[in-house]
1. For region 244-254, give me each residue that is touching a residue at least 40 places away in the same chain (Cβ under 8 Å) and either in contact with a strand residue (DSSP E or B) (Cβ under 6 Å, 6 or more places away or on another chain) or of a type in the set (S, T, Y) (or both).
2. Only residues in region 19-43 that are surrounded by 21 or more Cβ atoms within 10 Å (Cβ to Cβ) count as the first member; pair them with residues that are of a type in the set (K, R), Cβ under 6 angstrom, at least 6 apart or cross-chain, and list the lot.
3. Which numbered condition in (1) touching a Pro at 6+ places or on another chain (Cβ under 8 Å); (2) surrounded by 19 or more Cβ atoms within 10 Å (Cβ to Cβ); (3) not β-branched (V, I, T) is the only one that L145 fails?
4. Hey, could you check region 163-176 for residues that are crowded, with 23+ Cβ neighbours inside 10 Å and of a type outside the set (A, V, I, L, M) and say which is nearest to A104 (Cα to Cα)?
5. Restricting to region 63-87, name every residue that is assigned to a loop (DSSP other than H, G, I, E, B), charged (D, E, K, R) and in contact (Cβ under 8 Å) with a residue 24 or more places away in the chain.
6. Here are some conditions: (1) of a type outside the set (S, T, N, Q); (2) closer than 18 Å to M163 by Cα; (3) touching a residue at least 24 places away in the same chain (Cβ under 8 Å). P93 meets all but one. Which one does it not meet?
7. Which of the numbered conditions does N150 fail, given that it passes all the others? Conditions: (1) on the phi < 0 side of the Ramachandran plot; (2) surrounded by 16 or more Cβ atoms within 10 Å (Cβ to Cβ); (3) in contact with a strand residue (DSSP E or B) (Cβ under 8 Å, 6 or more places away or on another chain).
8. Can you name the residue in region 160-190 that is free of Cβ contacts under 8 Å to residues at least 40 places away in the same chain and aliphatic (A, V, I, L, M) and is also farthest from G81 (Cα to Cα) among such residues?
Amino acid sequence: MSILSIKNLSVQLEDKKILSGINLELLRGKIHCLMGPNGSGKSTLAQVLMGHPGYLTTSGQISILGRNLEEKATDERARLGMFLAFQNPVAVPGVSVANLLRMALGQNHNGKGRSKHNPALNLVSSVNEKILAVSRKLEMPREFLNRGLNEEFSGGEKKKLEMLQALILSPRVAIFDEIDTGLDVDALRIVAHGISLLKKAGCSILLITHYQRILKFAKPDYVHILIKGKLVSSGSFILARKIEKSGYREWLSP
């Protein structure tokens, strides 16, 4: 079942075309890996999917479960079940991790989002228990929850925090933009486990990466190659192995 549908999507930034004719279906409970050289448009695609206002869509359509996202702002897309883990998460001093997650849970279940109102989620203890349970799965110390969002966190801790948010919010579509960058092998294993948990819960996952190492822990169902703003090839995990061995020469040749 397709959760997110991208049809003939072309995007430009000012006068420069970044994406051209992108067609992609993200399936329920499947990991779609997006790979490509630097500057190919991978991060642009992630930001466009979440409604970044700096990009101009010149053609095409993005929809989630048949609902057109063209006029939807970023917060509306999030309420429909979309989540983006940033490549470089920014610090937000004064906003604790725990308070952010409590507020996000409230927004997701206040009747305006995709879930019906659940009175139990109004209980601070219930919300806290959920946050603590997920943070334990990610091996995050409890004191991290009381710190400012991404404030004085290491690169690896920031990426684990992005995964914590994804698991708490239980999105329909989760986009991870190079979440494996800067992770040691233990953190990589933990983040990959989070991706596997999302997949098991039926989430559609778009995993943007340059490297195969995370794919050894969270094996993708599909691999897509983006070159110069165009999807040039799609296949199984074997395609990622081919890239690791030979790079992108096959698709970069004139």
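1. First pass over region 244-254, keeping only residues touching a residue at least 40 places away in the same chain (Cβ under 8 Å): 248, 252.
If the condition is that a residue be touching a residue at least 40 places away in the same chain (Cβ under 8 Å) and either in contact with a strand residue (DSSP E or B) (Cβ under 6 Å, 6 or more places away or on another chain) or of a type in the set (S, T, Y) (or both), then Y248 is the only one that fits.
2. Listed pairs, sorted by first residue: I31/K199; L34/K42; G36/K42.
3. The one condition L145 does not meet is (1).
4. Of everything passing the filter in region 163-176, P171 is nearest to A104 (Cα to Cα).
5. The initial filter retains those residues of region 63-87 that are assigned to a loop (DSSP other than H, G, I, E, B), namely 65-66, 69-73, 80-81, 86-87.
Going one step further and asking which of them are charged (D, E, K, R), we end up with 70-72.
Passing the criteria: none in range.
6. If we test P93 against (1) of a type outside the set (S, T, N, Q); (2) closer than 18 Å to M163 by Cα; (3) touching a residue at least 24 places away in the same chain (Cβ under 8 Å), just (2) comes out false.
7. Result: N150 passes all but (1).
8. Only one residue fits best here, namely V185.
The values are calculated or read from the model by the stated rules, or taken from the named source; none is laboratory data. Note that this is a predicted model, so its numbers are computed, not measured. Counting neighbours? That spans all protein chains shown, and the Cβs are built from the backbone with ideal geometry, glycine included.
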